There are 4 protein chains.
Amino acid sequence: MADLHDVVARIAAEMAAEPVRGKVADYIPELAKVSADHFGMVVITAAGEEVAAGDADTPFSIQSVSKVFALVEALSRDPDRVWARVGREPSGGAFNSIVQLEAEAGRPRNPFINAGAIAITDLVAAGEDAENPGRAGIGAILRLVRSLAGDDSIAIDGAVAYSEAATGHRNAALAHFMKAHGTIDGPVSTTLSTYFHQCAIAMSCRQLARAGRFLMNGGVDPATGRAIVNPERARRIAALMLSCGHYDASGEFAFQVGLPAKSGVGGGILAIAPGRASIAVWSPGLSPQGNSLLGTAALERLAHAMGWSVFNPDC
Amino acid sequence: MADLHDVVARIAAEMAAEPVRGKVADYIPELAKVSADHFGMVVITAAGEEVAAGDADTPFSIQSVSKVFALVEALSRDPDRVWARVGREPSGGAFNSIVQLEAEAGRPRNPFINAGAIAITDLVAAGEDAENPGRAGIGAILRLVRSLAGDDSIAIDGAVAYSEAATGHRNAALAHFMKAHGTIDGPVSTTLSTYFHQCAIAMSCRQLARAGRFLMNGGVDPATGRAIVNPERARRIAALMLSCGHYDASGEFAFQVGLPAKSGVGGGILAIAPGRASIAVWSPGLSPQGNSLLGTAALERLAHAMGWSVFNPDC
Amino acid sequence: MADLHDVVARIAAEMAAEPVRGKVADYIPELAKVSADHFGMVVITAAGEEVAAGDADTPFSIQSVSKVFALVEALSRDPDRVWARVGREPSGGAFNSIVQLEAEAGRPRNPFINAGAIAITDLVAAGEDAENPGRAGIGAILRLVRSLAGDDSIAIDGAVAYSEAATGHRNAALAHFMKAHGTIDGPVSTTLSTYFHQCAIAMSCRQLARAGRFLMNGGVDPATGRAIVNPERARRIAALMLSCGHYDASGEFAFQVGLPAKSGVGGGILAIAPGRASIAVWSPGLSPQGNSLLGTAALERLAHAMGWSVFNPDC
Amino acid sequence: MADLHDVVARIAAEMAAEPVRGKVADYIPELAKVSADHFGMVVITAAGEEVAAGDADTPFSIQSVSKVFALVEALSRDPDRVWARVGREPSGGAFNSIVQLEAEAGRPRNPFINAGAIAITDLVAAGEDAENPGRAGIGAILRLVRSLAGDDSIAIDGAVAYSEAATGHRNAALAHFMKAHGTIDGPVSTTLSTYFHQCAIAMSCRQLARAGRFLMNGGVDPATGRAIVNPERARRIAALMLSCGHYDASGEFAFQVGLPAKSGVGGGILAIAPGRASIAVWSPGLSPQGNSLLGTAALERLAHAMGWSVFNPDC
């Protein structure tokens, strides 16, 4: 078995030197400002060791990685409503596709495509304080993330949230379409506002890897001993991450890396090696499918060097 | 840890008593004749133990399970041509859908939907003896399966193959469509004939579980010590089985069972618990998506009882 | 040649007696209140004769019939921008489908499906008074309709407009989707408000038939002698009405009736027999495709009795 | 009113000088051999006058124009079976699309897209002499065309028919797909063979314009006085030609030209001005949608100069 410190250091050095770095998301100005030169990585093992490299402590916009936490929050309230509302199948389409919604009566394929995530966020945003619409939902997600990371300094990047709201017409189309089909309950504006704020949570690799520890550990947060989800739910969330965590490149990621993982267009990826490690990588340049190019490469090398693919027989 | 013998016996008893058994495939008369009462299961562990229950030695038509073996054969010849021809993503559609082919210029999403499997079989059928078109391709697949199972009595059910050819217009449509796009090389009739014969291979659960041992074992056939594929390829085939092995219910299977597996409309499923077991189940009644209803239920119970989900941290 | 008075009277009697009347639109409460018992019809000939029957003077919500007038208004301003924005092909899909938009980069197939009509209305709503967003656009459309009908009493049904806005999530999805693709310029809320008000214009058959006279007359309003559009544009609008005027039942309408016509879910249809007549019918019960059931039947009988199909050789 | 001789001569001269001529169909070698320099045009008026220009007597492959004659033949046998099998709506897709078929259970949208035409030909090919499969069907279509044109020398270009059969995998995909859905009855090979031969009928503009005379004339062949179809059916076929005659450019053709017409990838178009003229044009260069570029331009100029649009009020 390779030494984790050596492996992480070597991968970080390789990624720093990599000339082809992908294209930074430009659909909102705030994301486009970030340099593609960044690369960060933090691995936290089941034994509690924390191995970091590169820009491990620079906060970035977690974007769709937040969908994992929103799902955990919604499942903790009412799993039946979650699965009545979204499916568990890969969509076979792009992250923001509306075609599948029309063909399937407004029911999103899974909670990790945009439509599905908006439907999940709508559950979390329900039962809002009428005077502060959206406040309770985003508060709940932020509290969960802070608690999991053990870090109350985690915050929402207001400029990103504002930017998303101003330009998020595609997401607004998805939300209105689902509203027309009864898939979401709340006022569209409240649901979208909550969703845009959730996507604008800023975290470093270190914070993100910490927030993911419960998923490698059968649902129990090792820092507190608290069961965030039960073991079966932890396995199932991991299965969804493997099947659907990289949009229309999920099959490719499973094929190349073999780890449950969720990516975001901010360039972050949270990956889980069950029983072994919680891993966060960040590099803002994206593949054409919208996943971090170097983040994916780094995870592939890590999984290969450490033998961490879930399909590896030597466990 | 539960005792495997007890678990298998209990599951077989439960399956025998189950009143809702799904609907036997009726699209070809030969398959429709089989009784939904059948249930068989064989588990072969990494240690070499073989635990059987129910109709473990009754041959059935393996149908799409054969796609795994055809893929192994094609990869052994020229992996670059395989991946130039088919993708590695879930299709988001039914097993025999042609829509995705039109949208994506005749390139199938993955090797386990019908279109992709036909494209793979076409590679295996290439370089045929002109006097015996189709003979060499099906011969190669049959030799591989016999060798892996260590059983030269495995044969093709001629009546099923004939039946498939007579009624396989949907597959013929896929093949002609791909031929129009240059995705397949051979004469359509030769490729289809090879494909229909491959699907008509008849095997028992015992034979099938034996034929799958190399996939739990890092690519090495434990019976012979021969490397059928290298460890990386074994992992990758398992990843494809998890992502795409159950057509448009693959995400659900990953969610519920958590094992790489490939199903066939004959009611058989080959599942792999990497490093632990090769498993074959058979029950002819199908779910609406075309996967064995009781076979899936049995695998879910087995994976749960034994802790064999690939997403389980306790490895 | 049959006598027009006899024909219209006979058709109205037949329609009054017809037991199967279709289903009144129920997607907004204001429309659902209208009784399916209504039937009205007005035919105005090229010679200026006005033949009425049934509820000829009862105002109804013209809904999508308004798309013809919005198109005329937009073309009068800048035809190049109109045709840069929408196509001229039947969509092959439902009136409110979003699938085609995704496949074709946000460009609607034609100005008579909802997406295309919203894009056209956005052109009309442009250059708004910032203090009264939406006021100028809807004002222009209303002025055009009043002028064509020679009747300043034509008004917008505010309850319908409010109802549409409150429930129009599907249209909001279309608008946001197009906004994301740059197909519409204005703020989505302004464009939608204008669109919902335009659809809520209330007119009687008599008013509607009068407003359509210029289209039977080579573009010239016979009441005023004013050229509303030039002859070529009048022909082309008629061609669009024939190809695309009945959503996904346009081909069937051309086949059965053979007249350019535009329907609305309020149950109204404006039909044009070039050189012969402007015709308005109204009956609120709809076919599954959303077109007036008895209105269509009445037009078919009228066209047949009078020999008015554009495909008739005896002109 | 312009003089028809002058108009036709002027248009032919303009077309001869036109530098941009489109791209000759290259999907079968026999069609690719034809020079894009050709242009021919024949107009036959209701009064029986025959005005010709350019390559008016050069035979070309009529290809999809044959679908009109196959439809007439099938309707003459059993209209109920025709309309049970195919719809009357524009497809909103390409001429050879298979997507719509999958979405709509194997029922083609109309008889003029390839799928619909194959389904119609299958009706004509039914009841074949078992010893000469396909002989009776193609014989019937050829007899009809010869009779309508008053010219027994019209023949099938065997090289084209052979070429189509050898390369027609896309059409074979459509046929097998429909066979799987029960939309066609005959053996796929017989139906396809009939279809390929029908498409390979070679005719000159003069022969084609003559064969179309009954459609301008209320269904009666003016040469013989025989009613080929009744007046209602003649109108309805014209309506289908207007709605669906130019594949996914039918709306545009209606908008620009305003005449019922059917195009073929050989570069021919048969257009009908009801009560006025039967028109055939031919120029092999195609638009991206597969319609003759100069043929369309010539018809637009002719319809404009003569005032022959069906949407023209001056009839």
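Could you check, for segment A:244-263, whether at least one of its residues is under 14 Å from A:CYS205 (Cβ atoms), touching a helix residue (DSSP H, G or I) at 6+ places or on another chain (Cβ under 8 Å) and among the hydrophobic types (A, V, I, L, M, F, W, C)?
yes
With respect to A:ASP55, determine if the residue is modelled with pLDDT of 95 or more, more than 30 Å from A:ASN312 (Cβ to Cβ) and more than 17 Å from the chain's Cα centre (by Cα).
Working: modelled with pLDDT of 95 or more: yes; more than 30 Å from A:ASN312 (Cβ to Cβ): no; more than 17 Å from the chain's Cα centre (by Cα): yes.
No, not satisfied.
Given the structure, is D:VAL99 at pLDDT below 95 and either of a type in the set (A, V, I, L, M, F, W, C) or surrounded by fewer than 24 Cβ atoms within 10 Å (Cβ to Cβ) (or both)? Give the steps one after another, and end with the answer.
Values: at pLDDT below 95: yes; either of a type in the set (A, V, I, L, M, F, W, C) or surrounded by fewer than 24 Cβ atoms within 10 Å (Cβ to Cβ) (or both): yes.
Spelling it out, D:VAL99 is indeed at pLDDT below 95 and either of a type in the set (A, V, I, L, M, F, W, C) or surrounded by fewer than 24 Cβ atoms within 10 Å (Cβ to Cβ) (or both).
For segment D:174-220, how many residues are of a type outside the set (D, E, K, R) and more than 30 Å from D:GLY106 (Cβ to Cβ)?
Within segment D:174-220, the first condition is being of a type outside the set (D, E, K, R), and the residues that meet it are D:174-178, D:180-184, D:186-205, D:207-209, D:211-212, D:214-220.
Then keep just the ones that are more than 30 Å from D:GLY106 (Cβ to Cβ); that gives D:202-205, D:207-209, D:211-212, D:214, D:216-220.
Within segment D:174-220, residues that are of a type outside the set (D, E, K, R) and more than 30 Å from D:GLY106 (Cβ to Cβ) number 15.
Consider A:GLU89 carefully, then state whether it is within 27 Å of B:VAL257 (Cα to Cα) and modelled with pLDDT under 95.
Values: within 27 Å of B:VAL257 (Cα to Cα): yes; modelled with pLDDT under 95: yes.
For A:GLU89, the condition - within 27 Å of B:VAL257 (Cα to Cα) and modelled with pLDDT under 95 - is met.
Restricting the search to segment D:176-196, which residues are touching a residue at least 60 places away in the same chain (Cβ under 8 Å) and part of a helix (DSSP H, G or I)?
Narrowing segment D:176-196 to residues touching a residue at least 60 places away in the same chain (Cβ under 8 Å): D:177-178, D:180-186, D:190-195.
D:PHE177, D:MET178, D:ALA180, D:THR190, D:THR191, D:LEU192, D:SER193, D:THR194, D:TYR195, listed by residue number.
All but one of (1) farther than 23 Å from D:LEU101 by Cβ; (2) among the small types (Gly, Ala, Ser); (3) at pLDDT 95 or above hold for D:ALA166, so report the exception by its number.
Result: D:ALA166 passes all but (3).
Touching a Cys at 6+ places or on another chain (Cβ under 9 Å) and either crowded, with 20+ Cβ neighbours inside 10 Å or not small (Gly, Ala, Ser) (or both): is that true of A:LYS67 in this structure?
For A:LYS67, the condition - touching a Cys at 6+ places or on another chain (Cβ under 9 Å) and either crowded, with 20+ Cβ neighbours inside 10 Å or not small (Gly, Ala, Ser) (or both) - is met.
Quick check, is C:PHE214 within 18 Å of the chain's Cα centre (by Cα), closer than 30 Å to D:ALA261 by Cβ and among the aromatic types (Phe, Trp, Tyr)?
Numbers: within 18 Å of the chain's Cα centre (by Cα): yes; closer than 30 Å to D:ALA261 by Cβ: yes; among the aromatic types (Phe, Trp, Tyr): yes.
Here the answer is yes, as C:PHE214 does meet what is asked.
Mind telling me which of the residues D:ALA103, D:ALA140, D:ALA70 ends up being in contact (Cβ under 8 Å) with a residue 24 or more places away in the chain, under 30 Å from C:ASP248 (Cβ atoms) and of a type in the set (A, V, I, L, M)? Working first, answer last.
Numbers: D:ALA103 fails: in contact (Cβ under 8 Å) with a residue 24 or more places away in the chain; D:ALA140 fails: under 30 Å from C:ASP248 (Cβ atoms).
The unique qualifying residue is D:ALA70.
Report the residue count in segment A:90-130 for those that are away from chain B (no Cβ under 14 Å) and among the small types (Gly, Ala, Ser).
Final tally of qualifying residues: 8.
Can you pull out the strands (runs of 3 or more DSSP E) entirely within segment C:197-315 that have at least 3 residues that are more than 13 Å from chain D (Cβ to nearest Cβ) and in contact (Cβ under 8 Å) with a residue 40 or more places away in the chain? Lay out the reasoning, then the answer.
Values: elements: C:201-203, C:261-263, C:268-273, C:277-282.
Counting at least 3 such residues, we get C:201-203, C:268-273, C:277-282.
Can you name the residue in segment A:152-179 that is more than 14 Å from chain C (Cβ to nearest Cβ) and of a type outside the set (Gly, Ala, Ser) and is also surrounded by the fewest Cβ atoms within 10 Å (Cβ to Cβ) among such residues?
A:ASP152
Checking the condition over 13 Å from the mean Cα position of the chain (by Cα) and surrounded by fewer than 24 Cβ atoms within 10 Å (Cβ to Cβ), which residue from D:GLY275, D:GLY290 passes?
Matching residue, one of D:GLY275, D:GLY290: D:GLY275.
Can you find a residue that is closer than 29 Å to C:PRO29 by Cβ, touching a strand residue (DSSP E or B) at 6+ places or on another chain (Cβ under 7 Å), buried (at least 24 other Cβ atoms within 10 Å of the Cβ) and at pLDDT 95 or above anywhere in segment C:141-148?
Yes.
For A:ALA2, are the conditions met, namely being of a type in the set (A, V, I, L, M), under 12 Å from A:SER292 (Cβ atoms) and assigned to a loop (DSSP other than H, G, I, E, B)?
Answer is no for this residue.
Among the residues of segment B:180-191, which ones are within 16 Å of D:VAL188 (Cα to Cα) and either within 8 Å of another protein chain (Cβ to nearest Cβ) or touching a Leu at 6+ places or on another chain (Cβ under 6 Å) (or both)? Steps first, answer last, please.
Step one: of segment B:180-191, the residues within 16 Å of D:VAL188 (Cα to Cα) are B:188-189.
Once the filter is applied, which keeps residues that are within 16 Å of D:VAL188 (Cα to Cα) and either within 8 Å of another protein chain (Cβ to nearest Cβ) or touching a Leu at 6+ places or on another chain (Cβ under 6 Å) (or both), segment B:180-191 yields only B:VAL188.
Need a quick list: helices (runs of 4 or more DSSP H) entirely within segment C:91-175 having at least 1 residues that are hydrophobic (A, V, I, L, M, F, W, C) and within 16 Å of C:THR194 (Cβ to Cβ). Before you say what the answer is, go through the steps one by one.
Working: elements: C:99-103, C:114-125, C:135-149, C:158-167.
Where helices (runs of 4 or more DSSP H) fall fully within segment C:91-175 and carry at least 1 residues being hydrophobic (A, V, I, L, M, F, W, C) and within 16 Å of C:THR194 (Cβ to Cβ), they are C:114-125, C:135-149, C:158-167.
Please work out if D:ALA47 is more than 19 Å from the chain's Cα centre (by Cα) and without any contact (Cβ under 8 Å) to a residue 12 or more places away in the chain. Walk me through it before giving the result.
Numbers: more than 19 Å from the chain's Cα centre (by Cα): yes; without any contact (Cβ under 8 Å) to a residue 12 or more places away in the chain: yes.
So D:ALA47 fits the description; yes.
Keeping to segment B:70-81, report how many residues are in a helix (DSSP H, G or I) and surrounded by fewer than 18 Cβ atoms within 10 Å (Cβ to Cβ). Break it down stepwise before answering.
Filtering segment B:70-81 for residues in a helix (DSSP H, G or I) gives B:70-77, B:79-81.
With the extra rule that they be surrounded by fewer than 18 Cβ atoms within 10 Å (Cβ to Cβ), the set shrinks to B:76-77, B:79-81.
Total meeting the criteria: 5.
The values are calculated or read from the model by the stated rules, or taken from the named source; none is laboratory data. None of these values were measured; they are calculated from a predicted model. As a convention, Cβ positions derive from the backbone with ideal geometry for all residues, glycine included, and neighbour counts pool all protein chains shown.
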